[in-house]
Amino acid sequence: MDKFNIAIDGPAGAGKSTIARLVANTLGFVYVDTGAMYRAVTWNVLRLGLSPDHTAEVIAATERMEIRLAPGENGQQVFVNGQDVTLDIRSAEVTNNVSQIAAIAEVRRNLTVKQKQLAANKGVVMDGRDIGSHVLPNAELKVFLTASVRVRAERRYKEIQDDRTDVTLEQLEAEIAARDRMDESRETAPLVQAPDAVLLDTTSMPIPQVVERILELCRTEV
Ligand code: C5P
């Protein structure tokens, strides 16, 4: 099979990164987590002590920073100006500010250019919110992954218990719903299912089954 690109979009906690990574590993493709890029920008803004409300300063800082993605043992590693921020970008502070930063059109333009470059040679599985609709509109396969907000919150709850013992499932559910609302309602490249994307509801689908379904789509649709 020739190399092709797969775009996987969907709301927070739908299982995109785990599933995209497994699909990429099976096909021998490169996995690109674009959420990590928006998180890296947000981490940098917070580290510099900038307010996410000061759009011009956020844009200038984003233009000056260097983001590098590299394959790691447990998935993708992320570097900002040479510093490994793979774990830092998963903090609650970054998570709770990222959607505001991701709504800035110039930030999106900047990262979209990089994302297109990463996929230019094909053989990429890219996950995010606007990959099928904006970044890779010609991707050979587009998947929109979703699940009920409760199930998505439960998945996140299991993941983060180690570093945020204070958070309740209800709080997480409210945070995820708020992030979805911001991502869906922004003006530039909102979270949306591309018209030609295949919808997979993973509420009661185990991960291996979702991966198998996507691999089947690669065989039948590409
Ligand atoms: O995928 P993850 O939950 O890590 O993404 C973090 C945030 O980055 C999202 O809530 C969204 O605000 C932003 N994002 C985006 N466009 C993408 C990927 C992520 O706006 N392609």
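The values are calculated or read from the model by the stated rules, or taken from the named source; none is laboratory data. Keep in mind it's a predicted model, so treat the numbers as computed, not measured. Glycine also receives a Cβ, built like all others from the backbone with ideal geometry; neighbour counts cover every protein chain displayed.
Would you pick out the residues in segment 18-34 that are within 13 Å of the ligand (Cβ to nearest atom), surrounded by 19 or more Cβ atoms within 10 Å (Cβ to Cβ) and of a type outside the set (Lys, Arg)?
ILE19, ALA20, TYR31, VAL32, ASP33, THR34
Could you check segment 22-40 and list, in sequence order, the residues that are among the hydroxyl-bearing types (Ser, Thr, Tyr) and either assigned to a strand (DSSP E or B) or within 19 Å of VAL78 (Cβ to Cβ) (or both)? Working first, answer last.
Step one: list which residues in segment 22-40 are among the hydroxyl-bearing types (Ser, Thr, Tyr), which gives 26, 31, 34, 38.
Passing the criteria: TYR31, THR34, TYR38.
Could you tell me which numbered condition ALA194 fails, if it satisfies all but one of (1) within 16 Å of the ligand (Cβ to nearest atom); (2) out of contact with any strand residue (DSSP E or B) (no Cβ under 7 Å at 6 or more places or on another chain)?
All conditions are met except number (2).
Take ALA14 and tell me if it is within 11 Å of the ligand (Cβ to nearest atom), touching a residue at least 60 places away in the same chain (Cβ under 8 Å) and part of a loop (DSSP other than H, G, I, E, B). Steps first, please.
Details: within 11 Å of the ligand (Cβ to nearest atom): yes; touching a residue at least 60 places away in the same chain (Cβ under 8 Å): yes; part of a loop (DSSP other than H, G, I, E, B): yes.
Taking the combined requirement at face value, the residue satisfies it.
Under the condition of being of a type outside the set (Lys, Arg) and within 15 Å of the ligand (Cβ to nearest atom), which residue from segment 138-156 is farthest from SER99 (Cα to Cα)? Working first, answer last.
Initial filter on segment 138-156 (of a type outside the set (Lys, Arg)): 138-141, 143-149, 151, 153-154.
Still in the running and within 15 Å of the ligand (Cβ to nearest atom): 139, 143-147, 149, 153.
Numbers: ALA139: 25, VAL143: 22, PHE144: 19, LEU145: 19, THR146: 18, ALA147: 20, VAL149: 17, ALA153: 17 Å.
The selected residue is ALA139.
Just one of ILE19, ILE89, ILE8, ILE59 is hydrophobic (A, V, I, L, M, F, W, C), in contact with a helix residue (DSSP H, G or I) (Cβ under 6 Å, 6 or more places away or on another chain) and assigned to a strand (DSSP E or B); which is it?
Numbers: ILE19 fails: assigned to a strand (DSSP E or B); ILE89 fails: assigned to a strand (DSSP E or B); ILE59 fails: assigned to a strand (DSSP E or B).
The match here is ILE8.
If you go through segment 62-86, how many residues are out of contact with any Asp or Glu (no Cβ under 8 Å at 6 or more places or on another chain), in a strand (DSSP E or B), under 17 Å from VAL107 (Cα atoms) and not basic (Lys, Arg)?
The total comes to 1.
Every residue, every condition in (1) over 24 Å from VAL125 (Cβ atoms); (2) within 15 Å of the ligand (Cβ to nearest atom); (3) surrounded by fewer than 18 Cβ atoms within 10 Å (Cβ to Cβ); (4) polar (S, T, N, Q), yes or no:
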| site | (1), (2), (3), (4) |
| --- | --- |
| GLU57 | yes, no, yes, no |
| ALA61 | yes, no, yes, no |
| ARG68 | no, no, yes, no |
| ILE89 | no, yes, no, no |
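Answer yes or no as to whether GLU106 is part of a helix (DSSP H, G or I), away from the ligand (no atom under 15 Å from the Cβ) and either farther than 26 Å from PRO71 by Cα or aliphatic (A, V, I, L, M) (or both).
no
Scan segment 146-164 and tell me whether some residue there is modelled with pLDDT of 95 or more, under 26 Å from ILE104 (Cβ atoms) and among the polar types (S, T, N, Q).
Checked segment 146-164: at least one residue is modelled with pLDDT of 95 or more, under 26 Å from ILE104 (Cβ atoms) and among the polar types (S, T, N, Q).
Could you tell me which numbered condition VAL167 fails, if it satisfies all but one of (1) without any contact (Cβ under 8 Å) to a residue 40 or more places away in the chain; (2) over 19 Å from ILE8 (Cβ atoms)?
Checking VAL167 against (1) without any contact (Cβ under 8 Å) to a residue 40 or more places away in the chain; (2) over 19 Å from ILE8 (Cβ atoms), the one that fails is (1).
How do the helices (runs of 4 or more DSSP H) wholly within segment 110-222 filter down when requiring 3 or more residues that are exposed (fewer than 15 other Cβ atoms within 10 Å of the Cβ) and among the hydrophobic types (A, V, I, L, M, F, W, C): which remain?
Numbers: elements: 149-160, 169-185, 207-221.
The helices (runs of 4 or more DSSP H) meeting that bar are 169-185.
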